[in-house]
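Chemist: Supplied in structure tokens, the structure appears directly below.
The values are calculated or read from the model by the stated rules, or taken from the named source; none is laboratory data. Since the model is a prediction, treat every value here as computed from it, not as a measurement. We place every Cβ from the backbone using ideal geometry, glycine too, and count neighbours over all the protein chains shown. SASA here: full protein model, heavy atoms, side chains in, ligands and nucleic acids out. Shrake-Rupley method; radii C 1.70, N 1.55, O 1.52, S 1.80 Å.
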Amino acid sequence: MAYKTRRIGVVLFQLGGPDTLEAIEPFLFNLFCDPDIIDFPFARIGRKPLAKLISTTRARKVQHHYATIGGGSPIRRFTEQQARALQLKLAESGMDAHCFVAMRYWHPFTAQAIKQLRAAHCDEVVLLPLYPHYSSTTTGSSLNEWRRQFRDDIPVHRIGTFYGHELYLQALVEKIDEALARFANPECPEIVFSAHSVPVAVIEKGDPYQRQIEETVELLMQRGGWLNHYRLCYQSKVGASRWLQPSLHAALREIAGDKNREVCIVPISFVSDHVETLGEIDHEAREEAAHLGIRKFEMTSGLNGSPTFIAALADLVGSAIGVDLRRGRAAETLVAAAD
């Protein structure tokens with residue numbers, strides 16, 4: 001009996017980010033042209049003019065964030081590193097897997113990932129949104145774009161939320177422990193979990209994002225066993241509509257008002273460092289905290305290339321195609337063929 005290994009294509013979805021200061025406005029235009037982000041009566045007519053107005057205005061406001069982190073977002077670099085590490089991890093388990101990156105709003109776009117996928121002659125595909133929590137504005141948007149672009153007749157498996165996956169949680173616990181170790185007394189700082197905010201209207205339509213974020217915080221506190229006081233807040237609000245609260249800014253003001261002088265910020269909804277962690281938190285929020293009298297401010301680094309996180313992704317891929325990688329049973333990737 002001879003065997004033939006299935007070739008698995010794994011598509012890692014992310015929002016993407018501008019790689020230069022000049023790319024900020026077109027990146028934002030793509031973002032606000034997304035019907036999963038901006039939707040209203042007669043949107044087909046008004047969406048592009050509105051996106052142009054918002055992106056032009058917003059680009060001026062956020063340019064300094066990108067300038068402070070080197071002039072562009074590192075999210076593509078980190079995501080491609082994750083893709084390479086995942087491909088290597090899967091290969092070590094005996095799987096013939098090829099990993100591709102599909103960014104929603106900047107290069108490499110979904111269409112480019114599909115082109116690479118076809119060139120690799122994959123037998124089936126695993127869709128891996130790098131959003132631990134589901135929202136129609138993130139996972140939903142990326143998968144909608146995939147469905148618009150991909151029409152090939154091969155099996156497609158989709159990985160859902162993974163905020164409760166034990167290896168994902170362990171990867172976050174490791175990052176939090178690393179950050180707390182930088183304090184003289186690790187039990188003193190308040191742990192502030194900061195998630196990307198979304199409009200309240202999105203949640204009111206049934207989006208599970210807020211509930212899943214809250215569950216993640218509780219799971220982490222149970223798993224980590226820390227005695228620190230902690231709280232959850234949100235960041236990156238855009239526009240005048242109601243978004244999830246409290247904001248990171250409000251949280252820092254309240255902490256300072258309580259005379260707490262040490263904080264450890266945990267970006268809870270992100271799997272890699274980018275402008276919202278390196279710019280909004282580690283630069284802007286750090287300066288604000290110092291102004292408020294907070295003497296010790298630390299932020300956990302992104303999961304980025306964390307071996308534990310990569311192991312979590314590999315386990316998710318294996319489960320999607322019926323392979324138990326943690327028990328080393330990759331033989332299920334083999335398909336029997338006649339001699």
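Chemist: If amide H atoms are built 1.01 Å from N in the plane of the peptide, which residues on other chains or at least 5 residues away come under 5 Å of the amide H of A195?
Modeler: Those qualifying (amide H under 5 Å, at least 5 residues apart or on another chain) are C233, Y234, Q235, I268.
Chemist: If you place +1 on the Cβ of every Lys and Arg, -1 on the Cβ of every Asp and Glu, and leave all else neutral, what size is the dipole of the chain about its Cα centre, to the nearest 20 Debye?
Modeler: Value, rounded to 20: 800 debye.
Chemist: Kirkwood Rh, segment 41-121, all Cα pairs: how many Å?
Modeler: 15.8
Chemist: Could you give the semi-axes, largest first, of the ellipsoid that matches segment 181-339, computed as the square roots of 5 times the alpha carbon gyration tensor eigenvalues and rounded to whole Å?
Modeler: Here the semi-axes work out to 36, 20, 14 Å.
Chemist: Can you list, bin by bin at 20 Å, the percent of alpha carbon pairs in the chain, starting at 0?
Modeler: 29, 57, 14, 1
Chemist: Then there is this: Please state the relative contact order of the chain as a whole percent: Cα pairs under 8 Å, 6+ residues apart?
Modeler: Relative contact order for the chain comes out at 24 percent.
Chemist: In whole percent, what relative contact order does segment 25-163 give with Cα contacts below 8 Å and a gap of six or more residues?
Modeler: 21
Chemist: Between S197, Y209, P186, whose Cα lies farthest towards the positive end of the dipole of segment 181-257 when Lys and Arg beta carbons carry +1 and Asp and Glu beta carbons carry -1, centred on the Cα centre?
Modeler: S197
Chemist: Additional query: With each run of n ≥ 4 DSSP H residues scored as -39500 (n - 2.57), what mean residue ellipticity at 222 nm is computed for the chain after dividing by its residue count and rounding to the nearest 500 deg cm²/dmol?
Modeler: So the helix-based figure for the chain works out to -13000 deg cm²/dmol.
Chemist: Also: For the residue pair N185 and D39, what label-to-label distance in nm results when each label sits 7 Å from Cα along the Cα-to-beta-carbon direction?
Modeler: Modelled inter-label distance: 5.1 nm.
Chemist: Over the chain, how many pairs of lysines fall under 19 Å by alpha carbon, counting only those 8 or more apart in sequence or from different chains?
Modeler: 6
Chemist: In whole Hz, what ³J(HN,Hα) sequence does segment 170-187 give by Karplus (6.51, -1.76, 1.60; θ = phi - 60°), x for Gly and Pro?
Modeler: Using θ = phi - 60°, the values come out as 5, 4, 5, 4, 4, 5, 5, 4, 4, 5, 5, 5, 7, 9, 4, 10, x, 8 Hz.
Chemist: Another question, then. Restricting everything to alpha-carbon atoms, can you work out Rg to Rh for segment 86-222 with a Kirkwood hydrodynamic radius?
Modeler: That ratio equals 1.04.
Chemist: Here's another thing I want to ask about it. Leaving out ligands, DNA and RNA, what percent of the accessible area of the chain is carbon and sulfur, probe 1.4 Å?
Modeler: Reported share for carbon and sulfur atoms: 53 percent.
Chemist: Pull up all non-local amide H partners of V101: gap of 5 or more, or a different chain, and H-to-H distance under 5 Å with H placed in the peptide plane.
Modeler: Amide H neighbours of V101: L12.
Chemist: Let me ask another. Skip the ligands, DNA and RNA, and give the accessible area per residue of segment 197-246 with a 1.4 Å probe, whole Å².
Modeler: 53
Chemist: Can I ask one more? Distance between the C-alpha centers of segment 240-276 and segment 85-153? Whole Å please.
Modeler: 31
Chemist: Determine, for each peptide in 236-248, 90-102, the mean count of other beta carbons within 10 angstrom over its residues, then list the peptides with the highest first.
Modeler: Taking the mean over residues of other Cβ atoms within 10 Å, the ranking is 90-102, 236-248.
Chemist: Separation between the H157 and V200 pseudo-spin-labels, each 7 Å from Cα along Cα→Cβ, expressed in nm?
Modeler: Modelled inter-label distance: 4.2 nm.
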